[in-house]
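The values are calculated or read from the model by the stated rules, or taken from the named source; none is laboratory data. What you see is a predicted model, and the numbers here were worked out from it, not measured in a lab. As a convention, Cβ positions derive from the backbone with ideal geometry for all residues, glycine included, and neighbour counts pool all protein chains shown. Accessible surface areas use protein heavy atoms only, side chains included; no ligands, DNA or RNA. Shrake-Rupley method; radii C 1.70, N 1.55, O 1.52, S 1.80 Å.
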Amino acid sequence: MSEYQNKAVKLLASTVSDGSLMDLNDRRDAFLHRALELYFAAGGAEDAIQPMVEKVYSTSKPRVDIAVGDVLYKLAGIGHACDIDIIQAGYNKLDDAKQTFAGEHHHP
């Protein structure tokens with residue numbers, strides 16, 4: 001795994017149960033939630049979602065490693081179109097999450 005992925009998983013492990021961390025259903029649902037938030041943030045229309053779902057489910061199911069690569073490839077395109085360094089955005093999220101987690105567990 002990459003340095004970023006290792007750091008992200010370590011932080012995630014401190015915020016969810018071990019069972020949830022390794023539960024593909026939990027990880028998949030959390031990803032879909034964030035993917036839809038990104039779609040919305042980038043100006044996507046709600047009424048366009050169902051046709052996309054139908055298109056995805058009308059094809060053969062890809063391997064997870066291929067689908068992850070496709071997501072990263074398309075995310076790079078969104079980052080480019082929005083003039084965002086996606087890796088820096090990821091590290092910013094880790095920093096924010098660490099600060100939030102530290103604040104929730106700091107009891108003076």
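A few remarks follow.
- Any chance Leu38 is within 18 Å of the chain's Cα centre (by Cα) and surrounded by fewer than 10 Cβ atoms within 10 Å (Cβ to Cβ): no
- Subset of segment 5-24 (residues that are in contact (Cβ under 8 Å) with a residue 24 or more places away in the chain, open to solvent by less than 80 Å² (accessible area, probe 1.4 Å) and part of a helix (DSSP H, G or I)): Ala8, Leu11
- Long-range neighbours under 8 Å by Cβ, at least six apart or interchain, first residue closer than 15 Å to Tyr4 by Cβ within segment 69-91, second among the aromatic types (Phe, Trp, Tyr): Ile87/Tyr4; Gly90/Tyr4; Tyr91/Tyr4
- Taking segment 25-108 as the region of interest, the helices (runs of 4 or more DSSP H) fully inside it that hold 1 or more residues being closer than 22 Å to Leu11 by Cα and among the β-branched types (Val, Ile, Thr) are 64-81, 86-104.
- Residues in segment 42-63 that are closer than 19 Å to Ala89 by Cβ and loosely packed, with under 11 Cβ neighbours inside 10 Å: Ala42, Gly43.
- Taken together, Ile66, Ile86 contain a single residue that is of a type in the set (Val, Ile, Thr), modelled with pLDDT of 95 or more and either surrounded by 11 or more Cβ atoms within 10 Å (Cβ to Cβ) or touching a helix residue (DSSP H, G or I) at 6+ places or on another chain (Cβ under 6 Å) (or both), which is Ile86.
- Filtering segment 25-35 to residues that are more than 23 Å from Cys82 (Cα to Cα) and either open to solvent by 100 Å² or more (accessible area, probe 1.4 Å) or touching a residue at least 24 places away in the same chain (Cβ under 8 Å) (or both) leaves only Arg28.
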